[in-house]
Amino acid sequence: MILLGSTGSIGVNVLNIARVFNLNIDTLVAGNNYKLLNEQIEEFKPKRVVVKDKFTADKINFKNIKFGEDEILKTIEESESEIVINALVGSSGIKPTLKTKETNKKLALANKESLVMAGKFIDMDNIVPIDSEHFGLWYLNNGRKIDSMTITASGGALRDYPLEKIKEAKLEDVLKHPNWSMGDKITIDSATMVNKIFELLEARWLFGIEKIDAIIETKSIIHSMINFIDGSTTAHIATSDMRLPIAFALLGEVDKQITPFVNWEEIASLEFRKIDKERYPVWQIKDKLLNKPELGVVINSANEIANIRFRERKINFIEISEFILNIFKEYENIKINSIDDIFMIDKEITQKYGDKNV
Ligand code: NDP
Ligand code: MG
């Protein structure tokens, strides 16, 4: 496989699964974490390695080390490997996604931002999602007639934080996810509920579904639900562990136990909460986005700028949402007719409002 983002939270889990099932690693792509990447090269002996920049490349123990986005795209094109795992973060994932589609390789997609930005112009054949909710929906989809779908949210790190104090929440508070550990960007996206907006759009494109909504389930053992037209609902339940969707994405079917079964006596009770627009202001534009999902590109660009500003402690937590809502207002009537429009809008927002470096 070609693994993009091998040193990240998803990338490391992909390599865990590769280890268990003895899968061959053709290419490793990473950003700046040279220490971990050197260990991965030593263990998995890839044929090709590409990193983000020359500075990191100089620290990598690999003879033919390459760097830069063009080399990532070239590697996808040239490798004989039939599957690309895109676990890059943010808009750095879009061009690799488009290149993978061009080559007709299978795309195991963790980089949801690709679909949020450009889902309208991406053919969904041969794409398998590495996201627990979408994996759950895929698992539940049994061919019966579907009425609607629901995905669950954890509520993020500030779900129980006093509302009047949320402005004062520190980066450290926001990075403490209640139920599991992920990369910093998505952990912040989870606290603002931007991640769930992204996932609604992701589901919209992957399953072609318009009736899709989300609800908070505080223990994160239910990942998604499908309402069938007969009035029944099924739910995908599993211990939270990204290795499960990853194993299915890589192998198609799985005949080994990946996660422990849910222990019902320990769980004892479940709690659902409506997503509150005061705590999660971005939820105000959820319906508008589902009606015009190609506006995902606007939200993605605005969020990348705000997310990095929050990490640099330049804005407070609530200002992330305010910034996104303002940019949305400015761009909500824009017409998006092609992939070129997507890149143009992303560039315009980035140049106008900030520096992106997720
Ligand atoms: P991380 O920040 O942990 O990992 C990102 C990876 O991408 C790292 O390997 C990083 O390298 C690499 N990278 C970043 N920029 C570049 C670049 N310009 N060129 C090459 N490599 C780069 O993120 P996550 O693993 O948490 O998330 C990855 C994607 O998966 C995101 O889109 C996220 O939304 C999605 N996702 C994540 C889940 C999770 O549980 N973490 C769950 C569901 C979806 P380095 O660290 O070496 O700099
Ligand atoms: Mg998810």
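The values are calculated or read from the model by the stated rules, or taken from the named source; none is laboratory data. Note that the coordinates shown come from a computational prediction; the quantities given were computed from them, not determined experimentally. So basically every Cβ, Gly included, is an ideal-geometry build from the backbone, and we count neighbours across all protein chains shown. For accessibility, only protein heavy atoms count, side chains too; no ligands or nucleic acids. Shrake-Rupley method; radii C 1.70, N 1.55, O 1.52, S 1.80 Å.
Helical runs (DSSP H, four residues minimum) scored at -39500 (n - 2.57) apiece and divided by the length of the chain put the mean residue ellipticity at 222 nm at -12500 deg cm²/dmol. Taking only protein heavy atoms and a 1.4 Å probe, the accessible area of the chain is 48% carbon and sulfur. Give, as a single signed number, the net charge of other residues whose beta carbon lies under 13 Å from the beta carbon of Asn13, with Lys and Arg counted +1 and Asp and Glu -1. Here the count lands on 0. In segment 80-125, inverting the average of 1/r over every pair of distinct C-alpha atoms gives 10.4 Å as the Kirkwood radius. Taking 1.567 mPa s as the viscosity and 4 °C as the temperature, the Stokes-Einstein diffusion coefficient of segment 48-129 based on its alpha-carbon Kirkwood radius rounds to 98 µm²/s. Coupling constants for segment 307-318 follow from the phi torsions by the Karplus curve (6.51 cos²θ - 1.76 cosθ + 1.60, θ = phi - 60°), and in residue order they are 4, 5, 5, 5, 5, 8, 6, 8, 9, 8, 4, 5 Hz; glycine and proline get x. Residues whose amide H falls under 5 Å from that of Glu332, counting only those 5 or more places apart or on a different chain, are absent, with hydrogens built in the peptide plane. Taken one residue at a time, the phi angles of segment 78-87 give Karplus couplings (6.51, -1.76, 1.60, θ = phi - 60°) of 8, 5, 7, 4, 9, 9, 10, 9, 9, 10 Hz. Gly and Pro are set to x. For segment 343-350, the Karplus equation 6.51 cos²θ - 1.76 cosθ + 1.60, evaluated at θ = phi - 60°, returns couplings of 5, 5, 5, 4, 5, 4, 5, 5 Hz by residue, with Gly and Pro reported as x. Convex hull volume of the Cα atoms of the chain, normalised per residue: 143 Å³. Taken per residue, the accessible surface of segment 35-164 reaches 47 Å², heavy atoms only and a 1.4 Å probe.
Charges were assigned to the Cβ only: +1 to each Lys and Arg, -1 to each Asp and Glu. The resulting dipole of the chain about its Cα centre is roughly 440 debye.
Computed over neighbours whose Cβ is under 15 Å from that of Phe228, the net charge equals +1, Lys and Arg +1, Asp and Glu -1.
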